Structure formats: C-alpha cells, structure tokens
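These notes are about the structure you will find just below.
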Amino acid sequence: MTVTTTDDAVAWPDDAIEVARVADAWGIKGWLRIQPYAADPQVVLKARHWFLQPPAGKPRAKEAPALPKVLNVTLVKEHSDGVIASVREVADRNGAEALRGARIFVSRSIFPKTDDGEYYWIDLIGLNVVNRDGAALGTVAEMMDTGAHSVMRLTAESVDEAGTPRTVERLIPFVAAYIDDVSLTERRIVADWGLDY
C-alpha cells in the first residue's frame, strides 16, 4: 500500500470549502473515485490541490496510514456519475482504498466568478435576512433544492409565552418574487416576507 505525504509545500487555505468526498478506489493503479457535492463539478475539476479531513463522526482505523493533509492532483476527469482522479500521493489500489470517506476541501478563491444575480450557496449561508420593514427574519442556516427552485432555511432565536428560549425556523423560496436584494458585503438579504408567514 502506498500513500505518501507531501504536506510541506502547500498550506491549508484560510478560505477552505468542503466540495466533495473520496467515494472509493477506481482501478488498480491508485485512482480515486470522487463524489462531488455540486451537480456541476467544475471546482473539483479545476483544483490542483485537494485538502483532506477525515470523515465527520467516523474515526479512522488504528492500522490505517496517516491521512495526507493535501493531495496533489495529476489528472482528473468526469466519469459516469462522478469524477475520477490520479494524485501524486497514491500509487496503488490499497492506498486509494485507505482514503475512502475523506472529505475534500478547496480554496474558495478558485471558484469561478458568478453572473449578476447568481450566488454560491456557501456565500449565502450565515447571511442575516430582514423583510422590507427591516424586521429580522433570521439567519440563513441552510440552502435546499426543491427541484423547482432553491429555498432558504432560516433560524432565529425567540422566546415562547412561558419565557423559554427556542429556535424558530422559516422557509423562504430563494426566487426573485420574494428576494429584493442580496448584499454579500453587508451580509444581508432583504425579502418580501412577513413575520407571521
């Protein structure tokens, strides 16, 4: 089994974003089968360095080799319903299998620029949402795809009639009919949405 580490040349980026995971080995020469999180895997295909972390909530086996902090991509391409890749640090199938489940991060700076009115979900998460009257609706906790359009899941802290703190959730379609303005610099979204909806 061959997994080598060459972590000294590339530092973990300050703007690291999780974009995929190692699904499995592919073939016998150390290729990896990658499962991108986005339908369009262009960020995974573009990155020359993939930064790794172990699977969330799943400790690595004691006998497993150390997980490299970075993989240097030598060849990557779309294949079937995912992506396959060759990396400098893995030379055989056993080495590739040892990386199964590893989470892949890349620098946010390599994401392609968006057109006006287009946003990456990762940039919307954490933004404060207010309505046209300036009343706080919550913070974007998650973006969801319903097939027809995207939906923001907001969370806000509140107090019930007994004075007990609770978290309130709202779902707002992320469509032009309800979204008046998105300001990434001000970290704010203005929505045509009432407090009682």
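For D81, only one of the following conditions fails: (1) farther than 30 Å from L184 by Cβ; (2) modelled with pLDDT under 95; (3) touching a Lys or Arg at 6+ places or on another chain (Cβ under 9 Å); (4) not β-branched (V, I, T). What is its number?
The single condition D81 does not satisfy is (3).
For the list (1) closer than 18 Å to V106 by Cβ; (2) modelled with pLDDT of 95 or more; (3) not hydrophobic (A, V, I, L, M, F, W, C), I need the number of the one condition that P13 fails.
(2)
Among I189, I125, I179, which is the only one that is in contact with a helix residue (DSSP H, G or I) (Cβ under 8 Å, 6 or more places away or on another chain) and surrounded by 10 or more Cβ atoms within 10 Å (Cβ to Cβ)? Reasoning before the result, please.
Numbers: I125 fails: in contact with a helix residue (DSSP H, G or I) (Cβ under 8 Å, 6 or more places away or on another chain); I179 fails: in contact with a helix residue (DSSP H, G or I) (Cβ under 8 Å, 6 or more places away or on another chain).
Going through I189, I125, I179 in turn, just one is in contact with a helix residue (DSSP H, G or I) (Cβ under 8 Å, 6 or more places away or on another chain) and surrounded by 10 or more Cβ atoms within 10 Å (Cβ to Cβ): I189.
Among the listed residues L184, L154, L124, L99, identify the single one that is out of contact with any strand residue (DSSP E or B) (no Cβ under 9 Å at 6 or more places or on another chain), under 22 Å from E18 (Cα atoms) and at pLDDT 90 or above.
Selected residue: L184, the only one of L184, L154, L124, L99 that is out of contact with any strand residue (DSSP E or B) (no Cβ under 9 Å at 6 or more places or on another chain), under 22 Å from E18 (Cα atoms) and at pLDDT 90 or above.
Here are P13, P36: which of them is in contact with a helix residue (DSSP H, G or I) (Cβ under 7 Å, 6 or more places away or on another chain) and not polar (S, T, N, Q)?
Numbers: P13 fails: in contact with a helix residue (DSSP H, G or I) (Cβ under 7 Å, 6 or more places away or on another chain).
That would be P36, the only listed residue that is in contact with a helix residue (DSSP H, G or I) (Cβ under 7 Å, 6 or more places away or on another chain) and not polar (S, T, N, Q).
Given the structure, is V168 over 18 Å from the mean Cα position of the chain (by Cα) and buried (at least 17 other Cβ atoms within 10 Å of the Cβ)?
Considered against the rule, which asks whether it is over 18 Å from the mean Cα position of the chain (by Cα) and buried (at least 17 other Cβ atoms within 10 Å of the Cβ), V168 comes out as no.
For region 101-119, give me each residue that is over 14 Å from Q42 (Cβ atoms), of a type in the set (A, V, I, L, M, F, W, C) and assigned to a loop (DSSP other than H, G, I, E, B).
Within region 101-119, just A102 meets the criteria.
Could you list, in sequence order, the residues of region 47-95 that are polar (S, T, N, Q) and either exposed (fewer than 14 other Cβ atoms within 10 Å of the Cβ) or touching an Asp or Glu at 6+ places or on another chain (Cβ under 7 Å) (or both)?
Correct list: N72, T74, S80.
The values are calculated or read from the model by the stated rules, or taken from the named source; none is laboratory data. In this text the structure is predicted, and so the values were computed from the model without any measurement. Neighbour counts run over all protein chains shown; Cβ positions are idealised from the backbone, glycine included.
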